[in-house]
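The values are calculated or read from the model by the stated rules, or taken from the named source; none is laboratory data. What you see is a predicted model, and the numbers here were worked out from it, not measured in a lab. Note: ideal-geometry Cβ built from the backbone for every residue, glycine included; neighbour counts use all protein chains shown.
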Amino acid sequence: MDLKPSGNLKIDTFSMRIGDIEGVELDRLHALSLSVGWPHRAEDWQFLRESGEGFVALDDIGRVLGSAMWFAHGAGFATVGMVITSPRLQALGAGQWLMNRVFEKVAKRDLRLNATRAARRLYLSLDFQPEKTVYQCQGIARLQTMGKSTNTRGDVRSLDAKDIPAVIALDAAGFGVRRAALIERLFAHSAGYGLFKGDTLNAFALCRPFGRGHVVGPVLAESDADAVAIVRPHVADHTGSFLRIDTHMDNGEFAAFLSHSGMPVFDTVLTMSMGKRLSDFAVDGATAPVTYALASQTLG
């Protein structure tokens, strides 16, 4: 990270050059993610470009061969995502070349990302440390027959604009970093449910269009029962259609609820960090909210 990365990279008989992701047509970004089997639509790429910054790798005739993005939250933290290169190019150093460009832009920030199996060796070589497994749960949503938990505290209702400050505060307590701009942007694209005790928001879940259908996240709650209570309405809203949720939870009431609701584990990725670890962001206190579902694998 101490050396200034080159703006060009020679691979076999051709060269790659760096470009700003803002200057690339959405259909070319969409083609890139399709080439590695990722579900992102052009609209998903546009949302990410509005939420963060990034680079693309271009060949001599302007074809997009790779990408890398980062999403800064304040001066001290960022998540990294949409790091895409073909396996062949990654083996030849393209992934590291792109990441070195990212490091140049996010210098001195704590970093977090979610690594696919194919990319873990790259991130380990760059000194990212493994944290937790993320379970990608997805499928055709269905209302499951498990009864409503008696441990839910409060009333569930739809969220609206006046609830945004409370959602931002709860997300910051659970995620460990204030993500006001991202939460506001997510809110504009999402339906949301919150669990209230009186006027106090104790849990929330957002759901928005993504990929093959919809994705639920982020989900912040203090218990499995509360998390189930705020995700259940989204399952009801999308019964019979494709629904996805990315979670660190692999057992307990919440994990069982997802499986019974038509969203078994499809794949896993690995949360990795550079700098402060996930536990370093933890909020003290037994009733601190927990991030039950990520906003997405890219955004964390």
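Things worth noting here:
- Residues of segment 37-58 classified as surrounded by 14 or more Cβ atoms within 10 Å (Cβ to Cβ) and in a loop (DSSP other than H, G, I, E, B), total: 5
- Residue-level check: of (1) aromatic (Phe, Trp, Tyr); (2) surrounded by 16 or more Cβ atoms within 10 Å (Cβ to Cβ); (3) closer than 30 Å to Asp127 by Cα, Phe257 misses just (3).
- Going through (1) touching a strand residue (DSSP E or B) at 6+ places or on another chain (Cβ under 7 Å); (2) of a type outside the set (Asp, Glu); (3) within 15 Å of Ala191 (Cα to Cα) one by one, Ser241 falls short only on (3).
- The residues of segment 225-281 that are touching a helix residue (DSSP H, G or I) at 6+ places or on another chain (Cβ under 6 Å) and of a type in the set (Ser, Thr, Tyr) amount to a single one, Ser261.
- The single condition among (1) within 16 Å of Thr79 (Cα to Cα); (2) in contact (Cβ under 8 Å) with a residue 40 or more places away in the chain; (3) buried (at least 19 other Cβ atoms within 10 Å of the Cβ) that Arg178 does not satisfy is (3).
- Flag for Arg232 being under 19 Å from the mean Cα position of the chain (by Cα), basic (Lys, Arg) and not assigned by TED's automatic domain parsing to the domain that holds Trp38: no
- Flag for His30 being in the same structural domain as Met16 (by TED's automatic domain parsing) and more than 21 Å from Gln136 (Cβ to Cβ): no
- Any hit, segment 262-283, residues being in contact with a Lys or Arg (Cβ under 8 Å, 6 or more places away or on another chain), of a type in the set (Gly, Ala, Ser) and part of a strand (DSSP E or B): yes
- Scanning segment 195-206 for residues that are modelled with pLDDT of 95 or more, out of contact with any Leu (no Cβ under 7 Å at 6 or more places or on another chain) and either of a type in the set (D, E, K, R) or under 22 Å from Gly252 (Cα atoms) (or both) turns up Leu195, Ala205.
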